Amino acid sequence: MSVQNSTPSVQTTEKQSQDGNDHGKHMPDNVISSVQNSVQRDTHSHIKSHTRRRLVAGSVAAGFAQASAPVWAQAVKTDFAGIKAGESNMPAGQDSIPVYMARPDTGTGPWPVVVVVSEIFGVHEYIADVCRRFAKAGYMAVAPEFFYRIGDPGSLATIAEIQSQIVSQTADSMVMADIGHALDWAGKQGGDLRRAAITGFCWGGRITWLACAHHPQLKAGVAWYGRLTGDRNERFPRHPLDVADTLKAPVLGLYGSADTGIPMPQVEQMQRKLRESNNPVSRNSHIRVFVDAPHAFHADYRATYREGPAREGWADALAWLKQHMT
């Protein structure tokens, strides 16, 4: 199927409660486990159980709620019309990792693949909705639970605890390996690994830069406000600024000038390194800065959401993937 370079049709939620439902189609049993006919659309819902991480979880993770409360009416709500979406498990070495997958419900593929990397909260409803948006645009989108082996972000009370107990323990090498497992799994489900890309938000934005320097299978990446530098240790030996010269796939970076956690001098340093690199792939990468946009400006369930930059960034992302994956 050809990839549509357009923003998918979406709706916005009208309530700030937990009573919204979506009705969608299910993937075949050998690909995606059945999704309940009524999928609870609470943006506070988080996958709680390590044995069965459901997007219909009723409990609210306190750390996730800290970031997302109050739930804003602008939260994007993508329906299931024309797509198949749901949860499954993918093999990852000796383990089996939960994964959310969405793809078009027409034809037999193969479909271009996008690995979607979450923020520190794991695969909650916002990430699942992003996968469905990609499916509406003609992609197979897969979002693995990269924190699965370490712990459940939904069980912790604060963002600081998520950072110290889960994020700081999730080594880059393990994430890079799981991205490879996700690509292999997607290829067996009808994905076209000749057209594979990655995108990620916040924590996932940093991972996107690293993956595009690590995985030769990837054709493109879109990094949403991913951290560019930081402390180095055994688990995190390099950061995006360290790999700017060694990219194997071109990256589109989407950042906000009002992001207090990623200072503009760092963004400008990354822009210079890309522009002056001897590596043509790095030189073909690009960073766009949205004036006055804060961190997480695409996260429509948070107060940081900015509709203009979010929509423009999404259109840029689709155009970037189409340019480099066809």
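Amide H neighbours of ALA75 under 5 Å, at least 5 residues apart or on other chains, H built in the peptide plane: list them.
Amide H to amide H, under 5 Å and 5 or more residues apart or across chains, ALA75 pairs with THR13.
Of LYS188/LYS219; LYS77/LYS273; LYS188/LYS248, which sit over 28 Å apart, Cα to Cα?
Numbers: LYS188/LYS219 19 Å; LYS77/LYS273 38 Å; LYS188/LYS248 24 Å.
Correct reply: LYS77/LYS273.
P(r) tail for the range 201-326, what percent of Cα pairs lie past 24 Å?
Beyond 24 Å sits 22 percent of the P(r) for the range 201-326.
Can you order the peptides 160-169, 210-219 by their average number of other Cβ atoms within 10 Å per residue, highest first?
Details: 160-169: 16.6, 210-219: 22.3.
So the order, starting with the most tightly packed, is 210-219, 160-169.
Can you give the relative contact order of the range 167-230 as a percent, counting alpha carbon pairs under 8 Å and 6+ residues apart?
31
Taking N as the number of residues in the range 134-243, what is its Cα Rg relative to 2.2 N^0.38 Å?
On the way: Rg = 14.4 Å, N = 110, 2.2 N^0.38 = 13.1 Å.
My calculation over the Cα atoms of the range 134-243 gives 1.09.
Given a cut-off of under 8 Å on Cα pairs at least six residues apart, what relative contact order in percent is computed for the range 169-326? Mind dumping the intermediate values first?
Values: 287 pairs, mean separation 31.6, N = 158.
Reported relative contact order: 20 percent.
Which value results when the Cα radius of gyration for the range 173-229 is divided by 2.2 N^0.38 Å? It would help to have the intermediate numbers written out before the result.
Values: Rg = 11.1 Å, N = 57, 2.2 N^0.38 = 10.2 Å.
Taking the Cα Rg and dividing by 2.2 N^0.38 Å, one obtains 1.09.
Evaluate the range 70-199: find the radius of gyration of its Cα atoms, find its Kirkwood radius, and give the ratio Rg to Rh.
Working: Rg = 15.0 Å, Rh = 15.2 Å.
When Rh is taken as the Kirkwood radius, the ratio is 0.98.
What residues have an amide H closer than 5 Å to that of ARG195, excluding those fewer than 5 places away on the same chain, when H is modeled at 1.01 Å from N in the peptide plane?
Long-range HN contacts for ARG195: VAL113.
Averaged per residue, what accessible area in Å² does the range 174-316 show with a 1.4 Å probe, protein chains only? List each step's numbers first, then the result.
Working: 5680 Å² over 143 residues.
Here the residues of the range 174-316 average 40 Å² of exposed surface.
What is the distance, in nm, between label points placed 7 Å from the Cα along the Cα-to-Cβ direction at GLU268 and at ARG311?
Placing both labels 7 Å along Cα→Cβ, they lie 3.1 nm apart.
How large is ³J(HN,Hα) for each residue in the range 244-260, as worked out from phi by the Karplus curve 6.51 cos²θ - 1.76 cosθ + 1.60 (θ = phi - 60°), to whole Hz, x for Gly and Pro?
Computed from phi, the couplings for the range 244-260 are 4, 8, 10, 5, 9, 9, x, 10, 9, x, 10, 10, x, 5, 9, 6, 6 Hz.
Find the centroid of the Cα atoms in the range 109-166 and in the range 218-287, then give the distance between the two in whole Å.
Taking the Cα centre of the range 218-287 as reference, the centre of the range 109-166 is 21 Å away.
Carbon and sulfur atoms: what percent of the 1.4 Å accessible area of the range 201-282 do they account for? Spell out each step's value before the answer.
Working: 1580 of 3340 Å².
The value for the range 201-282 is 47 percent carbon and sulfur by accessible area.
The values are calculated or read from the model by the stated rules, or taken from the named source; none is laboratory data. Fair warning: this is a prediction, and the values are worked out from it, not measured in the lab. FYI the Cβ positions are ideal-geometry reconstructions off the backbone, even for glycines, and counts take in every protein chain you see. These area figures cover heavy atoms from the full protein model, side chains too; ligands, DNA and RNA do not enter into them. Shrake-Rupley method; radii C 1.70, N 1.55, O 1.52, S 1.80 Å.
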